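Chemist: Questions regarding the structure given below will be posed in turn.
Bear in mind these aren't lab numbers, they're just calculated from the coordinates by the rules spelled out. For clarity, every value in this text was computed on a predicted model and none was experimentally measured. Note that each Cβ is placed from the backbone with ideal geometry, even for glycine, and that neighbours are counted across all protein chains shown.
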Amino acid sequence: MWPAAGCDVGAKGRFGTYGGQYVSETLMSALLELEEAYSGIRNNPGFTRELDAYQRDYAGRPTPLTFCENASRELGCRLYLKREDLVHGGSHKLNNTLGQALLARQMGRKRLIAETGAGQHGVAAAIAGAVLGLPVEVYMGEADTQRQALNVFRMELMGATVIPVKSGTRTLKDAINEALRDWVENVQDTHYLIGSVVGPHPYPLMVRDFQSVIGRETREQVQKKEGRLPDAIVACVGGGSNAIGIFHPFLSDDVDLIGVEAAGKGIGTGEHSASLCAGEPGVLHGALSYLLQDRDGQVLPTHSIAAGLDYPGVGPEHAMLRDSTRVEYHTAVDHDVLEAFRFLSRMEGIIPALESAHAVAYVMKNADRFGRGDVVVINLSGRGDKDVAEVAKMQGCA
Amino acid sequence: MGRIAGVFKGRSSTALIGFTVAGDPDKDTCVRIARALIHAGTDILELGVPFSDPVADGPTIQRAGDRALAAGTTPDTVFAIVRDVRGHSDVPIVLLTYFNTVFRRGIEKFYRDACAAGVDGILIADMPVEESGEVLVAAKKNAIDQILLVARTTSDERLRTIAANAGGFLYLVSVLGVTGARSGVPQAAFDLVRRAKAVTDLPVALGFGISTPDQVASCAAHGADGVIVGSAIVDLVEQNLKDHAMMLHRLEGYIASLRAALQEPSGER
């Protein structure tokens, strides 16, 4: 079931020179235990069967690959959307939380903690905790609890406890800091359910494996519909889990892989979250990767219209793929993202998450790049219902 | 023999290691704080290098780091503070930092600059022994003791590996959790002292959550060669930000009370 070949993780959890385990000694025993437990289930048919059943009967996989007739005409290519917005909970995040929660239960952990930015991972963690019978506590930046109040309510409905984080910039980065502090305190009975391909080894590997179901399905579906592989695959990149999930099964193919980071108000303004395009190597949250930082290594505040991309780091595998140039990384500014949000809603009746709208914005701005017959797949990582109130407010409608 | 080894060599009482955040609340006041701590009987001075994302620290030290950063503290400021303190004292100075600060400056350059400023030891909060290869080389080259952490969750096998690579003293983390004063020192911390002593000749020091004279005395009674006090010192700094004379006075009084608790002969020993 898991991708066997391609760029796999090397010694000591490294992707090239990136990754690693930069954590306090107290957490090392938990990471080593997790590493061992994960390698035990990675190719275990029993575990795979159980996870597959949850993905199929509970999460609603496989998700469709939707041909966008109207947008294709408008943009001059053959545009498909991989519909992760239709996964139960409204985003690709459940692919990972079901996998990790099943593993945590098998390891005898009594409690799950998670961080969340937009709230999508928090919601997915709450769902997995509810269905698998594990209590969940979600750390969420105070600024994000306000931007995403509806998701806070959803998490609480499903029995999770949401803890607003008041330290630092009060966004995703600080939520991860607090979750790590909680984990150090409760390391003996708690599993830290990280929501992206970030953090110390084995998280970037494990989360990528759980998310690769997106790319495996896409491969099969596009071959059925087009009789060939796509010319390009486009996905937004914050921490980078939806992107690596759809890219990974295509790494060895002749397919353009394009990651789109949040340029916020513009790279030149400093108010953005484009770690790969504007950052430099550094260590945050347990891994060496690209990082937005000042000359002394202090992590810089970030901005994105999409709370889920508002993060100064990025998964270490993306750092490796950037350096090797196997994946291209570009950016989209808030303004173009809003335009893409409206475009897809109007053209296709599909409201994208603001995060996913970054990928749509890239294709719209670079429509010249693709020919009429080119098959382009956008990973529509989440639905935009959570963003509707915020966008309405920006338009002065609420 | 290095300055750190010199502190532990042949002493009968437990060493007092005092921590403050470099640059908190500003450079000059920090130098005065450091000198007050030393004057009142601190055997080893530990300076925290402020970092934007201190995941191993509780709220007290997080706030101190924020104050230091707001005052414009950079690694250059930290080295300037070390030089200033070193100009007046031979007390060993240990830097406690997060790895990105070291990595960003360049590992070799960070250690070279630290050595030139008069630093004796460096401890990196988010660097387990597995990732320490390069820093161990830089430490050795620049005659700096690489201080490594041991936690209650550390297995005996890891403990041996850590001890084999550590310099100066072993820093035993007494709690599961982040820095910050707590009501008592758990028995598991004393068990860790015993486990560590069974596998190493390095001095062992207990830190995290230790603040009162009674607590340091009980660490001493359980065989700790050193005891590290941090958040309680930083608390006193924070409580007296408006009156620096009072701040220094209270810090000296506090250190003296710990010193006295360590000097008293202990019946349990």
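Chemist: Give me A:231, A:323, A:144, A:209 ranked fewest to most by other Cβ atoms within 10 Å of their Cβ, as a rough exposure proxy.
Modeler: Lowest to highest Cβ neighbour count: A:323, A:231, A:209, A:144.
Chemist: Using R₀ = 25 Å, calculate the FRET efficiency as 1/(1 + (r/R₀)^6) where r is the Cβ-Cβ separation of residue A:295 and residue A:324; round to 0.05.
Modeler: 0.40
Chemist: Sum up the charges of everything whose Cβ sits under 13 Å from the Cβ of residue A:48, counting Lys and Arg as +1 and Asp and Glu as -1, but leave residue A:48 out.
Modeler: Counting the neighbours of residue A:48, the net charge comes to +1.
Chemist: Just tell me how shielded B:94-104 is by partners: mean number of partner chain Cβ atoms within 10 Å of each residue's Cβ, no decimals.
Modeler: 5
Chemist: Mean separation of Cα pairs under 8 Å and 6+ residues apart, divided by the residue count of chain A: what relative contact order is that in percent?
Modeler: Across chain A, relative contact order equals 20 percent.
Chemist: Could I ask something else about it? Provide B:66, A:174 in ascending order of the number of other Cβ atoms located within 10 Å of each residue's Cβ, fewest first.
Modeler: The most exposed by this proxy come first: B:66, A:174.
Chemist: Which percent, nearest 5, of DSSP beta bridges in chain A are antiparallel?
Modeler: Given both bridge residues lie in chain A, the antiparallel proportion sits at roughly 30 percent.
Chemist: Cα gyration tensor of the protein assembly as shown, axes a ≥ b ≥ c as square roots of the eigenvalues: rounded (a/c below 1.5), prolate (a/b > b/c) or oblate?
Modeler: Note, shape of the protein assembly as shown comes out prolate.
Chemist: If a/c stays under 1.5 just call it rounded; otherwise compare a/b with b/c (prolate if a/b is bigger, oblate if not). Do that for chain A, with a ≥ b ≥ c from the square roots of the Cα gyration tensor eigenvalues.
Modeler: rounded
Chemist: Could I ask something else about it? Provide the per-residue ³J(HN,Hα) series for segment A:172-187, in order, calculated from phi with Karplus coefficients 6.51, -1.76, 1.60 and θ = phi - 60°, each as a whole number of Hz, with x at glycine and proline positions.
Modeler: Couplings: 3, 3, 6, 5, 5, 3, 5, 5, 5, 5, 4, 5, 4, 6, 10, 4 Hz.
Chemist: Which residues in segment A:137-159 have a backbone N closer than 13 Å to a point placed 7 Å from the Cα of residue A:111 along the Cα-to-Cβ line?
Modeler: A:137-139
Chemist: A follow-up question, please. Can you classify segment B:13-267 as rounded, prolate or oblate using the Cα gyration tensor, where a ≥ b ≥ c are the square roots of its eigenvalues, rounded means a/c under 1.5, and otherwise it's prolate if a/b beats b/c and oblate if not?
Modeler: oblate
Chemist: Then there's this: Quick one: order A:140, A:364 by neighbouring beta-carbon count within 10 Å, fewest to most.
Modeler: A:364, A:140
Chemist: Under 18 Å from the 7 Å Cα→Cβ point of residue B:156, by amide nitrogen: which residues of segment A:17-34?
Modeler: Residues passing the 18 Å test: A:29.
Chemist: Tell me, what HN-Hα J-couplings in whole Hz come from the Karplus equation 6.51 cos²θ - 1.76 cosθ + 1.60 at θ = phi - 60° for each residue of segment B:218-223, using x for Gly and Pro?
Modeler: Once θ is set to phi - 60°, the couplings for segment B:218-223 become 6, 4, 4, 4, 8, x Hz.
Chemist: How far apart, in nm, are the 7 Å Cα→Cβ label points at residue B:76 and residue B:183?
Modeler: Those two pseudo-labels are separated by 4.8 nm.
Chemist: Just counting partner chain Cβ atoms within 10 Å, what average do the residues of peptide B:51-61 show around their Cβ? Provide the component values of the computation, followed by the final result.
Modeler: Working: counts 4, 15, 15, 4, 15, 8, 2, 2, 3, 0, 0.
Mean partner shielding for this stretch: 6.
Chemist: State the extension gain, in nm to one decimal, for the chain segment bounded by residue A:153 and residue A:367, taking 0.36 nm per residue of separation less the distance between their alpha-carbons.
Modeler: On the way: separation 214, 0.36 × 214 = 77.04 nm, distance 3.87 nm.
Answer, rounded to one decimal: 73.2 nm.
Chemist: Another question, if that's okay. Go through segment B:74-80 residue by residue and turn each phi into a ³J(HN,Hα) via Karplus (6.51, -1.76, 1.60, θ = phi - 60°); whole Hz please, and just put x for glycine and proline.
Modeler: With the stated coefficients, segment B:74-80 comes to 10, x, 4, 4, 4, 5, 5 Hz.
Chemist: Now a separate question. What does the structure give for A:23-36 when I average, per residue, the other chain Cβ atoms found within 10 Å of the residue Cβ?
Modeler: Shielding by partners across A:23-36 averages 6.
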